[in-house]
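See structure below.
The values are calculated or read from the model by the stated rules, or taken from the named source; none is laboratory data. Just so you know, these numbers come straight off a predicted model, no measurement behind them. All Cβ positions, glycine included, derive from the backbone under ideal geometry; neighbour counts span all protein chains shown.
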């Protein structure tokens, strides 16, 4: 087992596998938790693309989860879950129905069809291959897996956007408690520092000789939305954005607790994305608890938010330029 990877695989027993299509600029990331893990979810954006989220909420029959799939391809990318279902079924993993074990596979997708080839998206084969590559080693960040086609800052269209990706982070607390996150950053808005300065996002430009945006480099999505141009663009903006991710811990938590952790984890999005949870985003966070260490749900949830915040920053810092879109490092 790996240790100190500063990522989701620092939670003992969790495996992560990734596959991507570098011609279509899309990919899939699969998280495989150990047996007995309880899952939760909290979805806040107005344009979600998800699968098997209701099964994770309280007052439903099954409380354990076998996989979480994060994928590109918009709704088409949900097909990657079929490959994960096949892989788990071959391993005889899932809920015992008395006839056949049925894997519980929850999924969320990002819209990356406007970047790369819109006719290429994650399918069952890609999902299956991601499972075969699943490991507890270091997770590759940036243009990997579901982060392959991720972009950020799209108020003024893709030409003024930046390349983003997938990021991860973890922290070890007292009594060997671990809290970690893995996030795909495909937001409409900007990634910001705690003081509000833009790290990555909508880039400024000139129109009819007039500079559009506050800074020389970044337009600042939040303030630009209130401009004459921004208000008019919002009327035609497409639901092509979202942040999706997984937070995980080795804590012993109930289903209600796990769902609370997913809810609290969204604070990490609110701190690092401006604006967050818009009707143009499908922000969805899954949570996993592997039931190994006694812990307080408030502690886990608070650090889950911090790990989401760090993962988002890591995603844009690790991204590499692609198809003409710059990154934080290429602009600096």
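General observations
- When residues in region 286-326 are screened for being in a loop (DSSP other than H, G, I, E, B) and either farther than 17 Å from residue 163 by Cα or under 18 Å from the mean Cα position of the chain (by Cα) (or both), 4 of them pass.
- Residues satisfying the stated conditions in region 127-142, i.e. more than 19 Å from residue 165 (Cα to Cα), in a helix (DSSP H, G or I) and in contact with a strand residue (DSSP E or B) (Cβ under 6 Å, 6 or more places away or on another chain): 129, 131
- Residue in region 284-306 that is under 20 Å from residue 107 (Cα atoms), buried (at least 17 other Cβ atoms within 10 Å of the Cβ) and modelled with pLDDT under 95 present: yes
- Residue within region 122-136 that is over 23 Å from residue 103 (Cβ atoms) and in contact (Cβ under 8 Å) with a residue 60 or more places away in the chain present: no
- Residues satisfying the stated conditions in region 245-269, i.e. closer than 15 Å to residue 312 by Cα and in a helix (DSSP H, G or I): 265, 266, 267, 268, 269
- Selected residue (criterion: surrounded by the most Cβ atoms within 10 Å (Cβ to Cβ)) from residues of region 23-58 that are more than 18 Å from the chain's Cα centre (by Cα) and at pLDDT below 90: 55
- Looking across 89, 81, one residue alone is surrounded by fewer than 21 Cβ atoms within 10 Å (Cβ to Cβ) and either at pLDDT 95 or above or under 23 Å from residue 260 (Cα atoms) (or both). It is 89.
- Residue count for region 137-188, restricted to those that are without any contact (Cβ under 8 Å) to a residue 24 or more places away in the chain and in contact with a helix residue (DSSP H, G or I) (Cβ under 7 Å, 6 or more places away or on another chain): 0
- Residue count for region 92-117, restricted to those that are touching a helix residue (DSSP H, G or I) at 6+ places or on another chain (Cβ under 9 Å) and assigned to a loop (DSSP other than H, G, I, E, B): 11
- Filtering region 152-177 to residues that are closer than 22 Å to residue 251 by Cα and surrounded by fewer than 24 Cβ atoms within 10 Å (Cβ to Cβ) leaves 171, 172, 173, 174, 175, 176, 177.
- Unique match (being more than 29 Å from residue 317 (Cα to Cα) and buried (at least 24 other Cβ atoms within 10 Å of the Cβ)) among 105, 109: 105
- Looking across 145, 149, one residue alone is modelled with pLDDT of 95 or more, in contact with a strand residue (DSSP E or B) (Cβ under 7 Å, 6 or more places away or on another chain), crowded, with 16+ Cβ neighbours inside 10 Å and at negative phi. It is 149.
- Of all residues in region 303-332, those that are at positive phi have Cβ atoms under 9 Å from Cβ atoms of residues that are surrounded by fewer than 18 Cβ atoms within 10 Å (Cβ to Cβ) and not in a loop (DSSP other than H, G, I, E, B), 6 or more apart or on another chain, in 324/159.
- Candidate set: region 156-179, residues that are in a loop (DSSP other than H, G, I, E, B) and modelled with pLDDT of 90 or more; chosen: the one nearest to the chain's Cα centre (by Cα): 165
- Restricting region 190-238 to residues that are within 21 Å of the chain's Cα centre (by Cα) and either modelled with pLDDT under 60 or over 22 Å from residue 114 (Cα atoms) (or both), the residue that is surrounded by the fewest Cβ atoms within 10 Å (Cβ to Cβ): 194
- Residue tally, condition under 19 Å from the mean Cα position of the chain (by Cα) and exposed (fewer than 15 other Cβ atoms within 10 Å of the Cβ), over region 59-78: 1
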